[in-house]
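Structure first, commentary second.
The values are calculated or read from the model by the stated rules, or taken from the named source; none is laboratory data. If you're wondering where the values come from, they're calculated on a predicted model, not measured in any experiment. For neighbour counting, all protein chains shown are included, and Cβ atoms are generated from backbone atoms with ideal geometry for every residue, glycine included. Remember, those area values only see protein heavy atoms, side chains included, never the ligands or the DNA or RNA. Shrake-Rupley method; radii C 1.70, N 1.55, O 1.52, S 1.80 Å.
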Amino acid sequence: KYGLEYDYNHEIMVTVGGSEAIDIAMRAMLDPGDEVLIPQPSYVSYLPCAKLAGGVPVVIELKAENQFRLTRDELEAAITPKTKMLVMPFPNNPTGSIMTKEDLEPIAEVVKRHDLYVLSDEIYSELTYKTEHVSISSLPGMKERTLVINGFAMTGWRLGYICGPSVIIEQMLKIHQFAIMCAPTNSQYAAIEGLRHCEDEVQQMRNAYNQRRRYLVNEFAKMKLECFEPFGAFYIFPSIKEFGMTSEEFAMRFLEEEKVAVVPGS
């Protein structure tokens, strides 16, 4: 589906959600002081997991004018001799931004030139609306330096997986066995059923999210509320600069006055 092939005995590990994969990948790969490049806005776990593993998080602030994509120049500017890993959180939580093959190719060239590893969190690969998802691991020379995280849209069943070079997966397996032992068996059987027989339901889910996405983008436009159009995942990230409040203040007032719960962008 994504132009990737892995040896299931040595290059794939089933995890308790994608979150466990993030944690143990960083614990297996990072030495104290190694720098981890984390484009933000992005999922909350990357930064603390890097710290817990003894790494040093280096935040790359993504820009709305670039559609919240990571650019070659932003990446180059953040790299130092201590840089070990780049997190690639696309399709993105919370912006909904995506990286096309054309976007990924210059990033891959920089990664190879500086001999970095990539932790590519592709948990929303099934939810893209502009173009088909492309994994950075599928680009020439990237499979041997990329860990691909993915999972299943079964909220609460806690099932993910990670694919990568056997030399890394073998070290991750040690941590996994001592910390977790294994993902729940019933969740694994549910995932097998999903992979074999539920493509129609996945398409139905994608269509539903796309309808909601287009509806909200259109409503924000009618309100004249500045908002980047998301092309992946199931998030929308409007700008609230015009209100002169922090995102926490805005979220609390929205909850108290309009009874609507939102997540502060910070």
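Taking 0.890 mPa s as the viscosity and 25 °C as the temperature, the Stokes-Einstein diffusion coefficient of the stretch 74-191 based on its alpha-carbon Kirkwood radius rounds to 156 µm²/s.
Helix 199-223 and the longest principal axis of the Cα set of the chain meet at an angle near 40°. Does the stretch 1-157 classify as rounded, prolate or oblate by the C-alpha gyration tensor (a ≥ b ≥ c root eigenvalues; a/c under 1.5 gives rounded; else a/b over b/c gives prolate, otherwise oblate)? Taking the square roots of the gyration eigenvalues as a ≥ b ≥ c, the stretch 1-157 is rounded. Cross-link partners of Lys222 among lysines, defined as those whose alpha carbon lies under 21 angstrom from its own and excluding same-chain residues fewer than eight positions apart: Lys241. What aspartates and glutamates sit close enough to Lys174 to cross-link, taking a C-alpha to C-alpha distance under 15 Å and skipping anything fewer than 8 places away on the same chain? Cross-link targets: Glu11, Glu20, Asp23. Distance between the pseudo-spin-label points of Val44 and Gln171 (7 Å out from Cα toward the beta carbon): 2.9 nm.
Can you pull the percent of the stretch 80-148's accessible area that's carbon plus sulfur, 1.4 Å probe, other chains left in place? If you can, show how the numbers build up before the last one.
Working: 1260 of 2550 Å².
Reported share for carbon and sulfur atoms: 49 percent.
In this structure, Ala153 and Thr80 have a Cβ-Cβ separation that, at R0 = 45 Å, corresponds to a calculated FRET efficiency of about 0.75. Amide H to amide H, with H built 1.01 Å from N, Tyr161 comes under 5 Å of Thr15, Asn150, Gly151, counting only residues 5 or more places away or on other chains. Bridging of Lys101 to lysines at a Cα separation below 25 Å is possible for Lys1, Lys63, Lys84, Lys112, Lys130, Lys143, once same-chain residues fewer than 8 apart are set aside. Close amide H pairs (under 5 Å, H built 1.01 Å from N) link Cys227 with Ser239, residues at least 5 positions away or on another chain. Heavy-atom accessible surface of Glu102, to the nearest 10 Å², is about 120 Å², with a 1.4 Å probe and all protein chains retained. Evaluating 6.51 cos²θ - 1.76 cosθ + 1.60 at θ = phi - 60° for every residue in the stretch 82-90, the Karplus couplings come out as 8, 5, 10, 9, 10, 8, 10, x, 9 Hz, glycine and proline recorded as x. Solvent-accessible surface (1.4 Å probe) assigned to His114 amounts to roughly 70 Å².
In this structure the amide hydrogen of Tyr117, modeled in the peptide plane, comes within under 5 Å of the amide hydrogens of Met85, Leu86, none closer than 5 places in sequence on its chain.
Separation of the stretch 78-148 and the stretch 1-76 by C-alpha centroid, Å? The stretch 78-148 and the stretch 1-76 have Cα centres separated by 9 Å.
The C-alpha atoms of the chain define a longest principal axis, and helix 247-258 lies at about 50 degrees to it. Per residue, the solvent-accessible area of the chain (1.4 Å probe, heavy atoms of protein chains only, all protein chains present) comes to 54 Å².
To the nearest ten degrees, helix 17-29 and the longest principal axis of the Cα atoms of the chain are 50 degrees apart. Directionally averaged projected area (the chain, Cα convex hull): 15.1 nm².
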